[in-house]
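Below is one structure, written out as structure tokens; the observations come after it.
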Amino acid sequence: MINIQLVATMKTPILVMVLFFAASLTLSGCYALPSFSPEMREAFLVVEDIDLAKSDIESYGGVVRHIFPDKNVLIGSFTGNSLKSKFIDRVYYERSRVPYSVRSEFTSWKRSLEYKKVPFDEREVPDVEPIYDDMVIIDKPSLSDLDPSIPLPIFGGDPTDTSSFFIGDISVNVIFPESNANSLNTENWTDNEIQEVKDEIFLGMDWWALREPDAHLTFVYNYDERIPTDLEPIEHESYYDWYWINDVMLNLGYGPEQYPPTPLVYNYVNNMRSNDDWGFAIFVVDSSNDADGMFLDGKSAYTVMTSSGGGPYIVMTYDNGGYTISNMDSVTAHETGHIFGSTDQYSCSCDTQHGYLYYENQNCGTSCLIDEDSIMKNPIYSFSNGLLDYYARGQVGWQDTDTDNILDIIDTFPMINLNPYTQEESGFIFDGDSQVSIFPAVNPYYNNITTNIIANVDYSYMRDGEPWSDWFSTDAIDGMFDGPQELFEFILSSLPGGDYTVKARATNNEGNFNESDHQYITITAIPPMCSETDGGYDIFNYGYATDDYGTYEDACNRRILFEYYCGGEGYVEVAEVSCKYGCGNGACGEEAPLDILPVAYGSK
């Protein structure tokens, strides 16, 4: 029975009483499994729940770089501890045999491992021209042309902001248009060709994932194969994509047709990105029977992008002109740079600014501040050698000015507000709100956006100027801390009397935190209640004593009596008494002389 009276003073807000026995911290992955080596190892995982597995694996130091959601497959580098995740169903390595259902994805991954084993100086680098005129700059479509019912996973921005900076989870949607009976029908996708494209695009994405660990890039793949169109795309100029992309989008369920079809692609990308931070589409046009692997106007790869938010899509031919299918990986990497705001570094101007951070293009040609090989200047050679220059990095958002391994765009501190308390029978109830902060876009044409979320809110208190308590978890009003804005609450109760100062702390997914203003409360406690039925310390009569923590009965253990009585501080204490003539029914024999031992312990 709790017998504490809580009295709030007029010192502003009331704080919440927390039942300590109810306070708990839930950790995933706490279970016994065989030990593994702590070293990182490349692996191919089939999991039970993608989101839970990814979170669990990353909490143990694993890195997930690729996800195939329709197959529940995760690929990346994993520590021994991260492979203990209870959400992993099966673990495969390079020489493993896998079920047919995941063979395509396994083939792409295995090919990437084989490629990485080839030394840079042994990789083939054909002599080809740069990919000229591959940036198709468009105006953002009107928001009225976009589907407002599709929820956005980012905070800030609008449905046209599908790739503002290259950080976080990226939805990669690969579409294979297929000419139907209404077209010339000179090209038909084969299974082998589709697999080659998948392998090459996987390599292109993996290249970016390995360039900047602090960007936490994870690519989430979706394939839409053999989507009908009334045109044979390769038999036309590149700008005919207005027509065949309209066909493809309509056959994917996005309409009505629009010219240009960009709003339909935005709706598709936003729908497919779901909970991923960003997304874009790649249309791959079959050209295996075409003489030069190019559209009639000489293009073979280009990115449709805006000057204020990145992509939304890439178009590539199967042969990529002179690059051929075997170098689609480097073409993919180059065009993906455009999707996230980086510009060509040939036929350009040094002072042209692009991307969320509005970096100049100072690696353009020989007259700028630097002249280095880079994926945006010399795609095949730079891809083979892993080269990405300072200015291209800046244009995609990779800048860490304080060198704390958190990129500037996400290196922000959340905001938190702790409201005054309300008092109920259970104690003092506190609530508040928290919100991530946004690193403002340097580019005046970009919207201010963040991919950060509130990862946790906890609280601490201080009594009468003593040291602050530990941090205790609060409850998210919606059940989980996983969004850019989160409401929270907690209860303070069952604390000794005194003047209390209370604060809360919000932490984002990068580990940056901020504390709220202080709230104050005074708790006045009534002295503890203690009663006994045998008149106090009486070893010759059975009885029991009761205080705020429970009821305790006198009891015998052979010749030892455990005598419970009310101590001087109002709590039940116990004495061990040696009964010379025996002990029974919770009392010593009345005629027995007694030796009373010192108090051994109390019940407090």
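Quick notes on this structure:
- Structural descriptor for segment 294-381: relative contact order 23 percent, calculated from alpha carbon pairs under 8 angstrom and at least 6 residues apart.
- Radius of gyration and maximum dimension Dmax of segment 507-555, Cα, Å: 22.9, 66
- Between segment 287-362 and segment 94-120, the Cα center-to-center distance that results, in Å: 27
- Equivalent-ellipsoid semi-axes for the chain (Cα gyration tensor, √(5λ), whole Å, largest first): 67, 27, 21.
- Positive-end ranking of TYR571, THR451, LEU369 along the dipole of the chain, with charges on Cβ about the Cα centre, is headed by TYR571.
- Above-threshold pairs, the threshold being 24 Å between Cα atoms, out of LYS54/LYS503; LYS71/LYS140; LYS116/LYS377; LYS198/LYS299; LYS54/LYS110; LYS110/LYS198: LYS54/LYS503; LYS71/LYS140
- Note on segment 410-523: semi-axes of the ellipsoid equivalent to its C-alpha gyration tensor, largest first and rounded to whole Å, are 31, 14, 11.
- Exposure proxy ranking for TRP278, TRP244, TRP208, TRP189, based on other Cβ atoms within 10 angstrom of each Cβ and starting from the fewest, stands as TRP189, TRP208, TRP244, TRP278.
- Among ASP464, ASP276, the order by Cβ neighbours within 10 angstrom, fewest to most, reads ASP464, ASP276.
- Note on the chain: with charges restricted to the Cβ of Lys and Arg (+1) and Asp and Glu (-1), its dipole about the Cα centre is near 1320 debye.
- Compactness relative to 2.2 N^0.38 Å, alpha carbon Rg of segment 65-215: 1.32
- Charges were assigned to the Cβ only: +1 to each Lys and Arg, -1 to each Asp and Glu. The resulting dipole of segment 410-523 about its Cα centre is roughly 280 debye.
- Dipole of segment 41-120 [Lys/Arg +1, Asp/Glu -1 at C-beta], most positive-end residue of LEU52, TYR92, ASN72: TYR92
- Whole-angstrom Cα spans of segment 41-120 along principal axes, big to small: 34, 28, 18
- Each principal axis of segment 234-305 carries a Cα extent, and these read 41, 25, 20 Å when sorted largest first.
- The chain - share of DSSP beta bridges that are antiparallel (%, nearest 5): 75
- Cβ-based charge dipole, segment 198-336, positive-most Cα from ILE314, SER326, SER238: ILE314
- Ellipsoid semi-axes in whole angstrom, largest first, where each is sqrt(5λ) of the Cα gyration tensor of segment 257-363: 24, 21, 13
Taken together, the values in this text are just the output of simple stated rules run on the coordinates, not laboratory data. Small disclaimer: the values here were computed from a predicted structure and weren't measured. As a convention, Cβ positions derive from the backbone with ideal geometry for all residues, glycine included, and neighbour counts pool all protein chains shown.
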